[in-house]
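First comes the structure, then the notes that go with it.
Each value in this text was obtained by applying a stated rule to the coordinates, not by laboratory testing. Not measured: the values here are computed from a predicted model. Cβ placement follows ideal geometry from the backbone for every residue including glycine, while neighbour counts extend to all protein chains displayed.
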Amino acid sequence: MSETYKRVLLKLSGEALAGNEGFGINLPTIESIAADVEEASNLGVQLGIVIGGGNIFRGVAASTKGMDRSSSDYMGMLATCINALALQDAFEKRGLQTRVQSAIEMAEIAEPYIRRKAIRHLDKGRIVIFAAGTGNPYFTTDTAAALRAMEINADVILKATKVDGIYDKDPMIHEDAIKYDSIKYIEVLNKGLQVMDSTAISLCMDNKLPIITFNLNEKGNVARAIKKESIGTIVS
Ligand code: GTP
C-alpha cells in the first residue's frame, strides 16, 4: 500500500473556492488550494482536475426557480470556466505547468477538450484542468469528473468536500452519525448518501473506478490521499 497513485482526477466543488464568503472566488482560499495541489504534484502524480461552478452560478437551483434548465446549466458551465482560469492563475504563480481544456469551445480562452492531448499534457507533468463540465446540460460536474477520470484512465477520483468522509446520516445534524471508512457503490446508491449524484456513482460503479471523499479544508489531505493514507471514505 506504500506506492502512490500514478494518475488521479481531483474533483473540486466551486464552493471550495469561495472560502467563508460562500460566493465568488476568495484569493487566499484558492492560494491555499494551490499550495495543496503543489504538494501533491511534487509526489510525481499526474493530476487532472474537474472544477464545479456553484460558487458563481448553480444551474439546478436556478431551474427550480423557473429558469429553463438547459440555459441555466449552460450558465453553470460558463461559471466553471471562470473558476478554471482562476485555478490556472494560482497554480502558475507557484510555477506549476497547467493547461485548461474546455468542453465548450472558446478557443481564445482555453484549449478545446481533446482526450489524447490531455493525456499528453499529463504525461509531460502538466496539470490539466477540465472546464465546462461535460459540455451538456443535465449533467453535473461530478458526472464530468467520472467521465474525464475514465477517459484519462485515472486510478481514482479524489472528491474534495467540506466533511471528512461519508456518514450514515448528516454529521452536522446528528451527533451519533457514523463515518464509513469504505463503502460499496451500491450502498451509496441504495441509501441515497450524498457523495456524488447517482449518474456519477453509476458510471464509476460500472467501470470500477474508486472514489475517495475527504476534507479539503485539512491541509495536506490531497497529498495524503495520493499516498494512499487512509483518510476520508473510499467508495469501491
Ligand atoms: P506540446 O507542444 O504538445 O508539449 O503542448 P503545449 O501545450 O505546450 O503546446 P501548444 O502549442 O499546443 O500550446 C501552447 C500554449 O497555447 C499552451 O499554453 C496551450 O494551453 C495554449 N493553447 C493551445 N491550444 C489552444 C487553444 O485552442 N486555445 C487557447 N486559448 N490556448 C491554446
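Summary table below
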read-out	value
Anchor LYS184: lysines whose Cα lies under 28 Å away (excluding residues fewer than 8 positions away in-chain)	LYS6, LYS11, LYS159, LYS162, LYS169, LYS208, LYS219, LYS227, LYS228
Mean residue ellipticity (222 nm) of the chain, computed from DSSP H runs ≥ 4 via -39,500 (n - 2.57), nearest 500	-11500 deg cm²/dmol
Aspartates and glutamates whose Cα lies under 15 Å from that of LYS65, excluding same-chain neighbours fewer than 8 positions away	ASP73
Cα-based radius of gyration of the stretch 7-235 once divided by 2.2 N^0.38 Å, which approximates compact folds	0.95
Label point distance in nm, LEU27-ASN215, each placed 7 Å from Cα along Cα→Cβ	2.8 nm
Cα-projected label distance for LYS124 with ILE109, points at 7 Å along beta-carbon direction, nm	2.3 nm
Nearest-0.05 FRET efficiency for LYS228 and VAL60, computed from C-beta distance (R0 25 Å)	0.15
Near-label residues of the stretch 149-169 by backbone N, under 12 Å of a point 7 Å along Cα→Cβ of ASN207	149-157
Cβ-derived FRET efficiency at R0 30 Å, LYS191 paired with ASN136, nearest 0.05	0.60
Calculated FRET efficiency for the pair SER198/ILE178, C-beta based, R₀ 22 Å, to 0.05	0.50
